[in-house]
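Report on one structure; see the data block that follows.
The values are calculated or read from the model by the stated rules, or taken from the named source; none is laboratory data. Predicted, not measured: the structure shown is a model, and the values here were computed from it. Note that each Cβ is placed from the backbone with ideal geometry, even for glycine, and that neighbours are counted across all protein chains shown. What goes into the accessible areas is simple: the full protein's heavy atoms, side chains included, and nothing from ligands, DNA or RNA. Shrake-Rupley method; radii C 1.70, N 1.55, O 1.52, S 1.80 Å.
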Amino acid sequence: MSQKRPVPLERLDACRWRIPKSYQPGMRVDGLIYADDTLIADIQKDQAPAQVANVACLPGIVKHSLAMPDIHWGYGFCIGGVAATDPEEGGVISPGGVGYDINCGVRLIRTDLTRADIQPRIRELVDALFDTVPTGVGRGGQVKFGRADLRKLLAGGSRYVVNEGFGWHEDLAVTEAGGCLDRARPEYVSDRALERGADQCGTLGSGNHFLEVQVVEEVVDPAAAAAFGLAEGQITVMIHSGSRGLGYQVCEDALKDLRDVPKRYGIALPDRQLVCAPVHSNEGQRYLGAMQAAANFAWANRQIMTHLTRQVFARVFERPAEALGLHLVYDVAHNIAKLETYEVDGRRRTLCVHRKGATRAFPAGHPELPERYRPVGQPVLVPGDMGRSSWVLVGNPAALDETFGSCCHGAGRVMSRSAAIRAARGRSIHKELLARGVFARARERTGLDEEQPDAYKDVSLVAEAVHRAGLSRKVARLRPLGVIKG
Amino acid sequence: MGARMEPAYELFDHTADLGVRVTAATLPELVPPAVAGLYATLGHIVPQPAPAPADDFAFDATGDDPAVLLRDLLAELLHHFDTRRRVLMDIAVGEFSGVRLAVTGRLRPLDPEQSAPAREVKAVTYHALAVRPVAGGYEATFIVDI
């Protein structure tokens, strides 16, 4: 990659920065980064702004190449990037705009338990979760699917596994897209991908994936919190995982298959990692179908872990999960491309919205929201690090107007993995977390060291930036009490 | 004349992931340390010694970019590791030119007693992917997504 001149960032207001399309030949639209003064300083330290400019070169891109306050350098697209393309105007779909972990996402489960119920038994609970929910490198799931059933799962997502007994039917209404994208084409998922994901549905994985027992520590918007069934002192469970090896392989296959496609369609790209195909082309449709099947796998994955979590709570507290009130609040994808309809320049257009490290954030009244959330808006789940907090936000109309209904997805790393391991030398991250009131279990010591709180930005800064920008507003802050990791 | 460049690899930082930098005197000599570097990103990886059962491995691909050829080999090995816990040993490089990479070897099972896998690598990415001549030989870089 050639060294480019610094990316000009023109301040539009306290939380918006523009990259003019004059910055780089080939930019079809401006770049737009959402960040306050504190976060923009970090953002300028890596090449994420240049990637925002590169994405602005994609054919058919509409309005802006967008980036959320938690952006950092990614592959092709930055993490935290949003781009919508119009298929009717040659718009493309790019695997780099989704990422390897297709439909990596977050779900939040509430309970009727309080901190007082949990605190004396947190170790027992976390140990039981750790023993029941498979975590870590190479861990297969408790639930095995044969090849034929796996294809049904790829077509049906959460709906398929709920029908198989892994969860409650009410879960589907509070899962983005009902936990199933109907353009999924399991026949486009390679045997290699099926092999890689064969025993991984219902497993957490490693890296930054986690399952946390949390307490609602602060309610900022009581009306929205009440609509989501959240109140101060209440215990929640957050699960962060994705499509595991199956999704990684779908992306790997697509990046290989699409290598020569831009040249075939006369698409000039500033970075080969932005390989893409027109949405309406055969190549584009193949990726879209396989990617959406992988997205369904991810929803099924989180759904099965929800089922296992309910089993653990029922066992530890000796009451059925229904009696403990373990209801799903919401499940959102943050690595995905979907066809969604927006009004742009006075007309309704169906766009291919890429969200890579960005969360859908629909406002009140949106028809895709479940009836119970339609008066307030969609819960936006923003996980933080395992020592500080995570946030529940709610979508605002500005998100629909400006960012194709998108918002931030997390804290964003500030420390490399090696630096985090070096910083952990001579310390016990486990003990430090205990001192903060967090009991953590991980398969490998490196899991805690690499994912220590200092390795991340404070997610509260990110939540504050999108709140001030008006994309979403703060509803509740959750603090971890127990965590399991790979 | 300086000392011949010995094949070697080193890991380097990347915000959320890990990079591998490989150096060697010739293109074919880049391959074994690149493979070792890939396994190093996964943790402490040790194959079972002979006479543990082993499968023959052969990779032969053509293209116009040696960096992409090397990446494709590493992606293939990642797949074998991820799905069957197999580790490539006895690497023989038949050809590594600008247009072809041909490698054979033996895939041995991971030794679970001696190994400590620490990370799940999603993919060998195209990000900062390069094979380039440097003084005394060649350098390859690749970044794995974790």
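So, in region B:56-68, of the ones that are charged (D, E, K, R) and in contact with a Lys or Arg (Cβ under 8 Å, 6 or more places away or on another chain), which residue ends up nearest to the other protein chains (Cβ to nearest Cβ)?
For region B:56-68, the residue satisfying everything is B:D60.
Out of the residues in region A:252-274 meeting the condition of being farther than 29 Å from A:L194 by Cα and within 14 Å of chain B (Cβ to nearest Cβ), tell me which one is surrounded by the fewest Cβ atoms within 10 Å (Cβ to Cβ).
The extreme case among them is A:K263.
Condition check ((1) touching a Ser or Thr at 6+ places or on another chain (Cβ under 9 Å); (2) open to solvent by 20 Å² or more (accessible area, probe 1.4 Å); (3) under 24 Å from A:R121 (Cβ atoms); (4) touching a residue at least 12 places away in the same chain (Cβ under 8 Å)) across all residues:
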| residue | (1), (2), (3), (4) |
| --- | --- |
| A:R443 | yes, yes, yes, yes |
| A:G447 | yes, no, yes, yes |
| A:E451 | no, no, no, yes |
| A:D454 | no, yes, no, yes |
| A:D458 | yes, yes, no, yes |
| A:A463 | yes, no, no, yes |
| A:R473 | no, yes, no, yes |
| A:R477 | yes, yes, yes, yes |
| A:P480 | yes, no, yes, yes |
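To keep it simple, each residue is scored yes or no on (1) more than 19 Å from A:P59 (Cβ to Cβ); (2) of a type in the set (G, A, S).
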site	(1), (2)
A:L258	no, no
A:K263	no, no
A:L308	yes, no
A:F317	yes, no
A:G325	yes, yes
A:A337	no, yes
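Identify all residues within region A:405-438 that are surrounded by 19 or more Cβ atoms within 10 Å (Cβ to Cβ), more than 14 Å from every other protein chain (Cβ to nearest Cβ), of a type outside the set (S, T, N, Q) and touching a residue at least 40 places away in the same chain (Cβ under 8 Å); write none if there are none.
Within region A:405-438, A:G405, A:C407, A:C408, A:L433, A:V438 meet the criteria.
Quick one: in region A:56-80, of everything that is closer than 18 Å to A:P383 by Cβ and more than 14 Å from chain B (Cβ to nearest Cβ), which residue is surrounded by the most Cβ atoms within 10 Å (Cβ to Cβ)?
A:M68
Against the conditions (1) over 21 Å from the mean Cα position of the chain (by Cα); (2) open to solvent by 10 Å² or more (accessible area, probe 1.4 Å), where does A:A277 fall short? Just the number, please.
The one condition A:A277 does not meet is (2).
Looking at B:E76, B:E6, can you tell me which residue is of a type outside the set (A, V, I, L, M, F, W, C), within 14 Å of another protein chain (Cβ to nearest Cβ) and free of Cβ contacts under 8 Å to residues at least 40 places away in the same chain?
B:E76
Picking from A:V189, A:V126, A:V98, A:V106, which residue would you name as being under 24 Å from the mean Cα position of the chain (by Cα) and either modelled with pLDDT under 95 or over 30 Å from A:T446 (Cβ atoms) (or both)?
The conditions single out A:V189.
Take the conditions exposed (fewer than 15 other Cβ atoms within 10 Å of the Cβ) and within 12 Å of chain A (Cβ to nearest Cβ) and apply them to B:R71. Does it pass?
Judged against the criteria, B:R71 is not a match.
Every residue in region A:395-404 that is surrounded by fewer than 24 Cβ atoms within 10 Å (Cβ to Cβ) and either within 21 Å of A:A231 (Cβ to Cβ) or touching a residue at least 60 places away in the same chain (Cβ under 8 Å) (or both), please.
A:A398, A:E402
Can you pull out every residue in region A:7-35 that is in a loop (DSSP other than H, G, I, E, B) and more than 18 Å from A:W73 (Cα to Cα)?
Of everything in region A:7-35, those that are in a loop (DSSP other than H, G, I, E, B) and more than 18 Å from A:W73 (Cα to Cα) turn out to be A:A14, A:C15, A:P20, A:Q24, A:P25, A:G26, A:M27, A:R28, A:V29.
Residues of region B:112-130 being open to solvent by 10 Å² or more (accessible area, probe 1.4 Å) and within 14 Å of chain A (Cβ to nearest Cβ), which ones?
Within region B:112-130, B:P112, B:S115, B:A116, B:P117, B:A118, B:R119, B:E120, B:K122, B:Y126, B:A128, B:L129, B:A130 meet the criteria.
Are any of the residues in region A:153-170 surrounded by 22 or more Cβ atoms within 10 Å (Cβ to Cβ), in contact with a Ser or Thr (Cβ under 8 Å, 6 or more places away or on another chain) and within 14 Å of chain B (Cβ to nearest Cβ)?
no
Here is a list of conditions, (1) crowded, with 17+ Cβ neighbours inside 10 Å; (2) more than 26 Å from A:G74 (Cα to Cα); (3) polar (S, T, N, Q), and B:T26 meets all of them except one; can you say which number that is?
(1)
Residues that are under 30 Å from A:A50 (Cβ atoms): find the helices (runs of 4 or more DSSP H) completely inside region A:196-282 holding 1 or more of those.
A:244-257, A:261-264
Can you confirm whether A:A321 is assigned to a loop (DSSP other than H, G, I, E, B), open to solvent by 20 Å² or more (accessible area, probe 1.4 Å), out of contact with any Leu (no Cβ under 8 Å at 6 or more places or on another chain) and hydrophobic (A, V, I, L, M, F, W, C)?
No; evaluated as a whole, the condition is false for this residue.
Could you tell me whether region A:208-224 includes any residue that is away from every other protein chain (no Cβ under 14 Å), small (G, A, S) and open to solvent by less than 10 Å² (accessible area, probe 1.4 Å)?
Scanning region A:208-224, I find at least one residue that is away from every other protein chain (no Cβ under 14 Å), small (G, A, S) and open to solvent by less than 10 Å² (accessible area, probe 1.4 Å), so the answer is yes.
Run B:P53 past the list (1) out of contact with any Gly (no Cβ under 9 Å at 6 or more places or on another chain); (2) within 14 Å of chain A (Cβ to nearest Cβ); (3) open to solvent by 20 Å² or more (accessible area, probe 1.4 Å) and report the number of the one that doesn't hold.
Only one criterion in (1) out of contact with any Gly (no Cβ under 9 Å at 6 or more places or on another chain); (2) within 14 Å of chain A (Cβ to nearest Cβ); (3) open to solvent by 20 Å² or more (accessible area, probe 1.4 Å) is unmet by B:P53, namely (2).
Go through (1) without any contact (Cβ under 8 Å) to a residue 60 or more places away in the chain; (2) buried (at least 24 other Cβ atoms within 10 Å of the Cβ); (3) among the hydroxyl-bearing types (S, T, Y) for A:S22 and report which single condition fails.
So the condition that A:S22 fails would be (2).
Are there any pairs, at least 6 apart or on different chains, whose C-beta atoms fall under 7 Å, with the first in region A:279-291 and under 14 Å from A:E187 (Cα atoms) and the second outside any helix (DSSP H, G or I) and open to solvent by 10 Å² or more (accessible area, probe 1.4 Å), and if so, which?
Every condition considered, the pairs that remain are A:L288/A:R183; A:G289/A:R183; A:G289/A:A184; A:G289/A:R185; A:A290/A:R185.
Can you tell which of A:V7, A:V52 is crowded, with 16+ Cβ neighbours inside 10 Å, hydrophobic (A, V, I, L, M, F, W, C) and at pLDDT below 95?
Result: A:V7 is the single residue among A:V7, A:V52 that is crowded, with 16+ Cβ neighbours inside 10 Å, hydrophobic (A, V, I, L, M, F, W, C) and at pLDDT below 95.
Using beta carbons and a limit of 7 Å, which pairs, at least six apart or on different chains, have the first residue in region B:79-94 and at positive phi and without any contact (Cβ under 8 Å) to a residue 40 or more places away in the chain and the second one part of a strand (DSSP E or B) and of a type in the set (A, V, I, L, M, F, W, C)?
As it stands, the answer is B:R85/B:L110, since those pairs meet every condition given.
Is it the case that region A:447-454 has a residue that's within 14 Å of chain B (Cβ to nearest Cβ), hydrophobic (A, V, I, L, M, F, W, C) and out of contact with any Leu (no Cβ under 6 Å at 6 or more places or on another chain)?
yes
Residues A:V382, A:V344, A:V392: which one is among the β-branched types (V, I, T), modelled with pLDDT of 95 or more and either open to solvent by 10 Å² or more (accessible area, probe 1.4 Å) or farther than 20 Å from A:D112 by Cβ (or both)?
Of the residues listed, the single one that is among the β-branched types (V, I, T), modelled with pLDDT of 95 or more and either open to solvent by 10 Å² or more (accessible area, probe 1.4 Å) or farther than 20 Å from A:D112 by Cβ (or both) is A:V382.
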